[in-house]
Every structure is written in C-alpha cells, then in structure tokens.
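Just below is one structure, and these are the notes that go with it.
The values are calculated or read from the model by the stated rules, or taken from the named source; none is laboratory data. Source: prediction; values computed, not measured. Reconstructed Cβ throughout: ideal geometry from the backbone, glycine too, with neighbour counts over all protein chains shown. The area values use the complete protein model at the heavy-atom level, side chains included, leaving out ligands, DNA and RNA. Shrake-Rupley method; radii C 1.70, N 1.55, O 1.52, S 1.80 Å.
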Amino acid sequence: MGPPPVVTGISPKEGPPGTRVTVRGEFLGTGPTDLVGLTICGCDCLLSAEWKSKNKIIARSGPGKGRGDILVSTRSGGKGTSTVQFRGYHETIGPMKESAVWVEEAPLQTLVWGRSKKFPEDELHELFPEGSGDLTSEQFAAGWFLLEHHHGTMFDDLKAGLAFLRRKVEAQKEGQLSFLKANVGSVMEQLDTLTILKDKFESDVKEHGSDPTAKVEKAIQDERKHIRKMAARRILETRNTSGDDVRTFIVPSINFNAQDYTGLINWLEDEVTEPPLLANISLDDLPTIVNESPQLPCHTQAVDSSVKNVTESSEKVFLMEVSMLEANKLFEEVLARRDRADATRNALGVLQRFKFLFSLPVSIERNIRKGDYDVVINDYARAKNLFGKTDVPVFKKVLTEVEQRIVRLQELLRNKLQDMPSTLEEQKKIIRNLVNLEASGDPAWDAMSCHSAFITQRLNTCKEEHIAIETANGDELAAGKTPRSTPQSNNKFGSKTPVSQDWQSSVPQRVLFVEELSEITTNMFPDLWKLGQAYFSGELHVKVEPEKQTHFKRMVLAPIELLSGLLRAAILPHTLDRMSPLRTSYGMWPPQGLEGVGPWLPHCLRYIRSTYTSLIRLDLPNEPLAIIASLIFDLRLHCMSTLFQQAAEHIKCLHKKETWHIEFDTKHSGITQLPSEFENKVQEVVQMVKESVLLGGHRESPLLDNANAQRELNALIQGLLLSFTQWRGRYGTRKRIRGNEEELEKEEFNKAVERGHHEMREVALDTLAFSNDGMQNESSAVSQLIGSPAIYRGNEKEGSGPGWEQRLLTTLSNSQYTAKVVLPRLSEVFSRHDYPPLTLPVATATSALSALDRQILEVYLEQKSDPLVGTIEPSMYLGRFDWDTTRRPTDVQPYVKEIITNMIGVHAEVHHVNPNLVSRVLYQIVETVAEELSRLMSCVTRFSIQGNQQARVDIRAVQETVSLYTTPTAHHWGPHLAISTLKEYSLEKERNTFNLAVVYLLFPCLLVEDLLAKFRVRMRLQLMCFGDMKIVSGGQGI
C-alpha cells in the first residue's frame, strides 16, 4: 500500500463548469489505471481526467458552485487529501460581454455525468429510424439525444440539467431585451439610415426612369460601321490566335476613365480574348454583321421581362446590401471584436498546438544561460524531427532563428573547449554536445590538441617565471641587497630538509620549479591521455582516422620530453648536450643558483617519482615512460654523489664543533665526541642514500646493477671515509681527483717537517683542525734547573682549553678509536643497509688513519723529545761539571733526575688521555734519550775514575727506571756506552800507574751498586710511576 495522494496546487484556482484544470501534487498514481477517483468541489470529474505523471493530472471542472476540495483516489494509496481549493461559479455571456469565444459558436457543455459506456449506435437507429441526435437537424429526436449522451444519468440529474437550460434560455432572453433597451439610440439611427436610402432610390428612379432597357439595347448594337469593322477584326485576330484549342475568356482590366465604351479595354497592352457571347457566330456571319446593322432578337417581351426582373432583383439586392452595410456599421464594433476573437482563438490554437516550436528560441537562450546544454540539444533534435521538412513560412522563420542560436551555441562550446584548464568530464561533455549538434570539424581532436598545447604552455611559463625570479634574486644579492623571500616548499612528502644553515632557511627557486612542474604534469597529463584513449576507443562517438595515431603519439611525447628537458636544465644541467639546438629552449638558469639545490635533491626525487608513478598508472607505452625513467636514474646517481659529497664536506668541518671534552671508558680510554659525530653522520647519509636513491621505486631498475654506479659508489664512500683524515691548511694534505681515484699528497707536510717544530705545529694544527688560541705565548723550552720547563708552562689564558700536546694525544686517541671501532661498525652499517662489499674503501680509510696516526705521533714525539733531550746536556754540565773529576760520586747527577721527571710528566700526560698510548710514546722517548746520552758520553774526551763511576751510576739509574719501556735499540745504546767508556779509561791508566788501576778496578762496581741502592730508595715514588704500569698488548700502534 503506497502513500495517499496529496493535492498541493491547482491552476486556475476558479472558473465556470468545464474549465480545464491542472492538478499538481504528490503520489497522484503510478499510471492511468491506478487513478480511480477525482472530485472537484464535490463533482466527479474522473471521466475528463487525463493522468500525466505521479505529480500532475489534467481534468475539466464539473457544475459545482462555490469553494471545494480537489480529492484524488488511487488504487495504490486510497483516498487522498487536498491543501488547496477550487471555486466554481456560473456566468451568463451576452453579446456585449468580452469573451475569447463567440457566443453563437461556444460549444455546448454536454458533460456526461456518470461512468457508463457509450450507447450503441445501432440500437439508436432501430429505436429512432427517422430521428437524429443533432440539435440542428429537422429530424431531431430528444430520446436519441438523451440515450446518446445521458443514458447513464440519473433522472434527478436530468431534471437539474433541464432547469439549468431553462435558466440559461431565460437569461438569454433577458439579455436580448436588455440589449435593445441599452441600444435604442443605435436602432433609431439605423431606421433613419434606411429612410435616407429609400429617398435616394426614389430620386434615382426619377432621374433615370424606371425602364433601363433602352440603354441595354443601345449597348447591344452600334450604328457606327467602322466600330463594327474594328470589332470584326478583333474577333478574327483572337480566333486566329487561339487556333483549334478550347477558347478561354479572360476578363480584361477596365478603364473607368474612358469617354466611350470602346475605350473600356486597352486594346494594345491587354490580352484580348473572345467573349462567350460570340461563341455561336461563325466567320461567315461576321461580314453580314459588319455591313448590315444587326437587328434585335425577336424576344422583346422576354427581354423586357428579364430587364424588369433584374431591376427588381437589383433593387432588393441593393436594399439588402444597404441594410447589411448599416447593420455592419451598427454591429461593426461587435463584429470586429468577434473577428478579433476568432483570429485570437485561431492564433492561440496554433500557438498552443505548436507552443514548443514558437517558444523554442527563447527556451534555447534561457537554457544556454543556465548551462543546460543537454536540454537545448534534445529540444533542437525534436524540433528538427517535427518541423525539419515543413513548408510553412512561419515555421521556417522560427527554425531559422533556432539555427542561428544553435550556431552561436556551437561557437560558445568551441570556446569553452579551448578554455583551459578544464576537467576531463567537462571536456567529454562539451565534445558530446558538439557531436550531437553536428558541429563541423573534429571537436575531440581539437580538444586533445588544445590540451597538449596548454600543457606545453604551462611548462614553459613556469620555467620563465622561476628563471626570472632566480635571476632577480641573484642580481639583488650581487648588489648587496636582500633578495626577495622565497616561499616555503610545498612539502607533501613530509621530507626532512635542513634549516640550520642560512642558505637552507628558504627553499631554492629550482626546487619550487621542480615541485610545480611535477604537479602540472600529474594534474594535467592524465586527462590528455584518457581523452585520447576515449577518442580512439569510440567512446566520444566521432569518426576516428587511423593516421592520427602517429600524431597522438607525438602529442603525448612532446610534453614528456619537454618535462624531462626542463628538469634536467634546472637540477641536472651536466646531463644535457650543450650543442643540442633544444638546449636553450629548456632555459638558461643562473650558474650560482645550483649550489643550494644539493640538500633538496632527495625532495626533488620524491616529486619526480610521484609523477612517474602517476604516469605508470595510466598504462602509457614504454617510450614516454623510458624518458622519465632515464631522468630518474640520472637524478638518483647525481643525488647519491651530492649526498656523499655534502656529508664529506660536513665531516671536514667537524673540527669546528670540537670541544676537547674527553670521555673515558674502560675499553677504549679517552676520546672526544668527534668520532661519534663522524660515525653518526656516515650512518645518516648511508640511510638517506639507501632510502632515497638505492631503494628503487615502481618499475625502476636497481641503481647498483650499473657498473658505473658501483664504481661511483665505491669512490664516494672512500672519499667520505677519507674526509675524516683530510688535512686542511696551507701545509695540509690536499685532495686531488684523478678519474675515480683519490690521492693524498704529503709534499707540503714533508717540507714543513724540515722547517722546524713551530711550522710542524702549525701543520699538525691544520691537519687536526685545531684552533691556535692560547698558543701564541709559547717559547723555546729550557731546563727546569736553569728556567721554567716547557712541559710545565701551559697556556697562560684561563679557560682556553687543553694544551697543544694534550690535543695531539686526544687526536691520536680518536684516530685509534676510529680505526679500531668506528670503521668496523660502519662496515656493518654498510652491510646492514644492503650496500655492496666495500672492502677497498674501508681498507683505504684504515690505511689513511694509520698514516695519520704515525704522523701525529711523530709530531708529538718531536714536540716532547726535543725539549727533553735539549735539556740533558746543559743540565749535565751545570756548575761546570767535568767527567775528569776526582770527587767521589755520592748520588746520581741532577740531569738524571730531570730526565726521569720529564718522562714522568710525559707518562702522566699520555696516561691522562689514553693509557694505551703510554708504551708507544715512552718507547720512542726512551730511545731518543738513550741515543742522546750515548752521544754525550761518546763526546767526553777523558774520564777519571770518579767520573767513570758517576757515568755508570747515571746510566744504570736511567736504565732501571725505564726498563719496561726499553727497546732493543735503547738497550743497545746503554750497556755499550758503559762498557766502552770503562775500557777506554783502563787502557789510558795502564800507561801511568798500574797500581791505581788495580785498586780501582773492583771498587767502582761496589760504589755503583751502593749508589744505585740509595737511588732506588730515594726515588721509589718516581720509580713506581714506571714500574707499576702494565703494558697493554694493544698499545703497539695501529
């Protein structure tokens, strides 16, 4: 059961019985058969109801009077309700009542009350053989009429109808009488007019007589013979012209200004034909008529009677015509209104019947303004089907106006088709509209051409705008002005871009250019491809020419090639052929703008990959995809190179962040944060390169499958690892690129070594990226016995950080830690991120660190050994000491204690930074001290016995103190020195006195042992610094 009907509107809202009413509402039935009831003001109007839709019904109102509801009943919804009312009323239409329908021609309201079927006509003929149901017929039979029109009407209704007719007749009578009363003046005027006509007629009779036959007879014959001859000649001419054909009489034009009856016809210009009166006159009779005057026929009485009858008839006709003229004058206004009503009714009928056609131009204009082009097309097609072959001038005129508007609509749609940008659906809709309008040309192909040209134009416009902005910024920067601010990147991928540096605080113009190009291609190119696919698949219902496949391929490749060229010119200019004629069309960017693009290359790569992915989804052929794939491969390779090079530059600048804060642990001793920062930076760039470069996107070939890419990766990683050992400074190691290999030159370093300790210190400072703060006040070292020692004289400025030697040791410890810990861990990082085996770069970096380790150690040893060795000789001969003394030794000399003290200072300094380095440092210092002592002893020309004993005590004391750090070379210098000096002394004394030599041959050994015992007791604390030190097996260097 559906919802009940609801009437919400009616038009018109009032009217007499039989008014055509349009009922509107909801749920008014699902079809004509579903409508079972319709009452208007209580009268059943179902018989006249015409169901249009579920929201509209058209019917005729009944004889109801007053206001009432409009109720609709349906099978599906039952009896409905009404929110509006209709007012029925009865009115009498008189002759002076303005109406669109003439009173006499108004149709009789013969509404059928009831729902029975039509009465059979055969039965009516049987019941009324001579009767008829026509009201105007003489054989009218009332029974026939009632059975034919009201056989199902109740008797009460018939009585009511009869009463209605009677009232109507009475009303008409009353109307005629009232009409005469209201127009008495007009009637009197008509009588006066008739009187005037009668007087005029009587005066004419008096003037011309009552018998006009004399004039008729005179008109029949003419007494003039030449006139009769001319008439005969005219008859002959007309008969000779017509020949044997049927003679046709043509009434000539009448000359009303003629003075004689012969001049009534223009004989020279008009075509004269023979009148029917002469049809029975032969050619033989014509001469007789010409020569003899014709006599009247013998039927004079009949002629008189005829003339009399004609005269009487003409009088009657004249009087009737006069009466009609007067009557027309009397009722001219009413008759004119009747004519206008007839014309209006006919015009309205035509307009109503062909309302669609006459309102079509206005409807087209209205729908065009609203944008309802589909409605316009449907109406136009309907009009062509209905009136396309009409010969009616009015219809042709209307169709001409329609065609003009359709032509303007075609032009409008063509302009909209070329108006870019527009969506694919809009373009398809416009193309379909043009096809349905049978527009000339190929609108689909025009749309594709415009779309391709618009994409090319947008790409070139984007290029020109960004190049202009970057050039203007460069000019302002060169002029010392602040360049215009660059808008931030539309980072839709959420990529992290560094913003700590000044040049990274804003997005480079080329990066914005890459973003905009990618968005233009991603947003516009798919519509071009889809439109082409719809065109060649027949979806657009246009005729497809096979040779256009090649043109469409070129149309697709052109934007892709332009996109690739523009991107290469902006961020990969080295990949373009400079000799190519297309090079300048891709744009000439300022050379200085490429520097800030490096950190943004991964960001650019993400955008281009996004564009590539959107093109892949379109199922494009391989040729355009290969262009973008080649661009992405070159960009990946360049991005990898740039990321590693930037990381290397960042690592070379890590010395600026060095705080010299040493951190200790039990395993790796003291190091600063520099190795960790180096490791973190390498791990960061390795992960970034893997995520943005090595991990290929959809349908991207692995980068490392290319041999050149593998070689480039090895060289970049090797340079990255070696950047931690790069020497910077005017004497530092310089990096030279020879092909794909990196070489380190040490020429400047070797020259600096030859120049002396001060320049060596500068080299080491530059090498290790140290600052020279607080080092300007250092002076040459002197003995602590004669002045302040260098090792105790540090920076005079407070808070200036560790001293020069401590920085050397710290750097040496960092170097060892990097070689032993950081590089192996980085090898694991490379392997974990699926990098190819990088044995050679890691080995090269390890070797470079070993060389750096040795060079730093040499600098440190020279820095510590030279002052220490330089103080031995002055301290040895302090107080004018002579080895040829006669004073018996009582203790080691002060220079021995100074040597021990100085080495303790070195030991403490090294142990403070890295205990593992103590052995390496002291081994070298002990060798240097032993070598110096051997040189000094060998330079002594004469030893006394006491001097010999003193020398033995001093050398033995030094040997026992540093025994744990005595190398074979140092051990060789010590015993060899003591034995050689003793032998030299014994041979010399033999020449003088043998007895003294024998006495002192054994005594010196006893004295030496005694003095050494005392030395061990007195210097026990100092000796513990060397004796308790455990040699770490790992302290032998890298």
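Values as computed for the structure displayed
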item	result
Residue in the stretch 912-920 that is in contact with a strand residue (DSSP E or B) (Cβ under 6 Å, 6 or more places away or on another chain) and of a type in the set (V, I, T) present	yes
Residues (in contact (Cβ under 8 Å) with a residue 24 or more places away in the chain, open to solvent by less than 70 Å² (accessible area, probe 1.4 Å) and in a strand (DSSP E or B)) located in the stretch 44-68	S53, K56, I57, I58, A59, G66, G68
The stretch 421-446, residues that are assigned to a helix (DSSP H, G or I) and of a type in the set (A, V, I, L, M)	L424, I430, I431, L434, V435, A444
Pair list, Cβ < 7 Å and 6+ apart or interchain, from the stretch 542-567 residues that are not assigned by the TED database to the domain that holds S614 to residues that are surrounded by 21 or more Cβ atoms within 10 Å (Cβ to Cβ)	none
Evaluation of Q592 against (1) touching a residue at least 60 places away in the same chain (Cβ under 8 Å); (2) surrounded by fewer than 16 Cβ atoms within 10 Å (Cβ to Cβ); (3) farther than 30 Å from L477 by Cα (one fails), failing number	(3)
Of all residues making up the stretch 486-532, the number that are at pLDDT below 75, assigned to a helix (DSSP H, G or I) and open to solvent by less than 50 Å² (accessible area, probe 1.4 Å)	1
Residue ID - least open to solvent (accessible area, probe 1.4 Å), chosen from residues in the stretch 402-420 that are in a helix (DSSP H, G or I) and under 25 Å from I520 (Cβ atoms)	L417
Search result, residues across the stretch 533-557 that are open to solvent by 40 Å² or more (accessible area, probe 1.4 Å) and either within 21 Å of S630 (Cα to Cα) or acidic (D, E) (or both)	E539, E545, E547, K553, R554
Test set (1) out of contact with any helix residue (DSSP H, G or I) (no Cβ under 8 Å at 6 or more places or on another chain); (2) surrounded by fewer than 18 Cβ atoms within 10 Å (Cβ to Cβ); (3) of a type in the set (G, A, S) - S76 fails condition number	(1)
Residues located in the stretch 1-31, provided they are loosely packed, with under 15 Cβ neighbours inside 10 Å, within 20 Å of G62 (Cα to Cα) and free of Cβ contacts under 8 Å to residues at least 40 places away in the same chain	S11, P12, T22
